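The values are calculated or read from the model by the stated rules, or taken from the named source; none is laboratory data. Here the structure is a predicted model, which is why all the values come from computation and not from measurement. Using ideal geometry, Cβ is built from the backbone for each residue, glycine included, and neighbour counts are taken over all protein chains shown. Ligands, DNA and RNA are excluded from the accessible area calculation, which covers all protein heavy atoms including side chains. Shrake-Rupley method; radii C 1.70, N 1.55, O 1.52, S 1.80 Å.
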Amino acid sequence: MRAVSYAAYGQAPILGELPAPPCPEGGVLVRVAATGVCRSDWHAWLGHDPVPLPMVPGHEFAGTVASVGAGVTRWRVGDRVVVPFACGCGRPSCAQCRVGDTHVCPDQTQPGFTGWGSFAELVAVQAADTNVVAMPEAVGFVEAAALGCRVATAYRAVTSVGRLAAGEWLVVHGCGGVGLAAVMIGAALGARVVAVDVSAAARAAALEAGAEAALEPGEGLVAGIVAATEGGADVSLDAIGSPAVLGNSVRSLRPRGRHVQVGLLLGDAAEPSVPMGAVIARELEMLGAHGMPARDYAGLLELVLSCRLDLARLIGRVIGLDGAGAALAALGGPPAYAGVTVVDLSQGTSDG
Ligand SMILES: [Zn+2]
Ligand SMILES: [Zn+2]
């Protein structure tokens, strides 16, 4: 199969021929139609988040079932599917998988991290009956790709974890893929949204996606958020993953507000200091969001199919598999495109 891989951390990912992964027992092989280029892949590529080598990156993808392993009952070859990036083990003995919390299963697998990912024509998915989600015909593969990671993560962070209600104030720090999706989801759910980003293009995209205000981070950011939200955020997301952003997010919450950590805090940032005085005095909640289980996709797909969430607006650019390695490496620099970069595997060559 054609696949992009790297043999050492930081070495340029290259496109070549690799053996197709075997179809796992209880799992499926998915023929990848489209896959997003996400910052988590960039962290793995640089070894911030260690992975076995050589690695094929890619963990947010949509496609069709190419082969079905022994014991799988829900899927047939040709089914259109999307797969959440964190796949539960699916074993009846697993307390998390038994209740549908597959995204926090202690024995979870993640394509692109625990095994080869979706910058390839084929990707193996474990425990298919537990993890795979049917993708309606009405959603195109390029749009569906971001449902495996960023849009799903944003949806769960805002709804199940943040418990955002209509009329409440949502503040989103960082309006890349996951943040921009959170802005759109918050607006679609009837919340009032304020976006924060260093990039003027990202702020403009957030305003177009439904934010009422878009602020540039700096000295007066906390006061600016409190003013813009008439007293502070009800729900605030750190969609970047930085101790400074986390601190600003917590400090700009109103009493009983909820901070949701979405961006990964890795390396030196793994154990940041938190303004706990504010957490106690205002009875704030500190929450974490880690993807979304297959179980929760129904609500998200409902938002998409009812046209309240336009996935196409999240797509910054579409490239071919030959451009995927360079697009991954470029995630370390300032964003050249607002929104998500998606690799369309039906595209032979690209300008990316
Ligand atoms: Zn991701
Ligand atoms: Zn499990």
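Tell me, which residue of segment 35-68 that is small (Gly, Ala, Ser) and farther than 19 Å from ALA294 by Cα is farthest from ligand 2 (Cβ to nearest atom)?
GLY47
Restricting to strands (runs of 3 or more DSSP E) lying wholly in segment 240-328: which have 1 or more residues that are open to solvent by less than 10 Å² (accessible area, probe 1.4 Å)?
Fully inside segment 240-328 and qualifying: 253-261, 315-319.
Picking from HIS59, HIS48, which residue would you name as being of a type outside the set (Val, Ile, Thr), within 15 Å of ligand 1 (Cβ to nearest atom) and surrounded by fewer than 24 Cβ atoms within 10 Å (Cβ to Cβ)?
HIS48
Kindly indicate whether VAL83 is closer than 22 Å to ASP41 by Cβ and either open to solvent by 10 Å² or more (accessible area, probe 1.4 Å) or within 16 Å of ligand 2 (Cβ to nearest atom) (or both).
Yes, satisfied.
Condition first: open to solvent by 60 Å² or more (accessible area, probe 1.4 Å) and either at pLDDT 70 or above or among the small types (Gly, Ala, Ser) (or both). Now tell me which residues in segment 335-348 satisfy that.
Hits for segment 335-348 are ALA336, SER346.
Out of CYS97, CYS89, report the one residue that is farther than 30 Å from ILE14 by Cα, touching an Asp or Glu at 6+ places or on another chain (Cβ under 8 Å) and open to solvent by less than 30 Å² (accessible area, probe 1.4 Å).
From the options CYS97, CYS89, the qualifying one is CYS89.
Based on this model, can you work out whether ASP351 counts as at pLDDT below 95 and either open to solvent by 10 Å² or more (accessible area, probe 1.4 Å) or more than 25 Å from ALA202 (Cα to Cα) (or both)?
It is true that ASP351 is at pLDDT below 95 and either open to solvent by 10 Å² or more (accessible area, probe 1.4 Å) or more than 25 Å from ALA202 (Cα to Cα) (or both).
Can you tell me which residue within segment 108-140, out of those that are open to solvent by 30 Å² or more (accessible area, probe 1.4 Å) and under 19 Å from ALA44 (Cβ atoms), is nearest to ligand 2 (Cβ to nearest atom)?
Filtering first and then ranking leaves GLN108.
For segment 134-169: of the residues being within 22 Å of VAL32 (Cβ to Cβ) and among the β-branched types (Val, Ile, Thr), which is nearest to ligand 1 (Cβ to nearest atom)?
Result: THR153.
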